[in-house]
Amino acid sequence: MQKILIFQQNGSARAKIEGIKEFGKGRFIIETVDVDMPLPPVLDDTAPYLPETVEADLVMDFFKNRDLSEDLSLLCERLNIPVIASGKKHTRGRALCPPT
C-alpha cells in the first residue's frame, strides 16, 4: 500500500484528505503533519515545523507559508520523494505544481 504524507496548515487539506479516503477506497495510507498556529509571512528557520526526514511514497504540500513549502520541497528532493504542491509557484526544489 502506498503512503501519502500530507503537510497542511490550519486544516487546509481537509477536503483533499476526505476525497482521497472516499475515492481511494483504502488503497492509500494517509498521514498528516499539521501546523496549526499563526505564522509570520517570512520564516528564517523552518526546522521547528518540518521533520528531519520523511518516509512516504508521495508528499502533498498544502502549506500556506511559502518558506515551509519551499523547504519541504528541498527536503523531499534530497530524499527523492515526489511532491505535489497544487497551485504554488516554487522557486526551489522540484515539486510538481499543477494549476488548481
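The values are calculated or read from the model by the stated rules, or taken from the named source; none is laboratory data. Not measured: the values here are computed from a predicted model. Virtual Cβ from ideal backbone geometry, glycine too; neighbours counted across all protein chains shown.
Some observations on this one:
- Selection count where residues are surrounded by 13 or more Cβ atoms within 10 Å (Cβ to Cβ) and at positive phi, scope the range 1-23: 1
- Selection within the range 35-50: residues that are surrounded by fewer than 15 Cβ atoms within 10 Å (Cβ to Cβ) and in contact (Cβ under 8 Å) with a residue 24 or more places away in the chain. The member of this set that is nearest to ARG92 (Cα to Cα) is VAL42.
- Considering GLY93, GLY26, the condition of being at pLDDT below 95 and surrounded by fewer than 18 Cβ atoms within 10 Å (Cβ to Cβ) is satisfied by GLY26 alone.
- Pairs, first on the phi < 0 side of the Ramachandran plot in the range 76-96, second assigned to a helix (DSSP H, G or I) and surrounded by fewer than 14 Cβ atoms within 10 Å (Cβ to Cβ), C-beta under 7 Å, six or more apart: none
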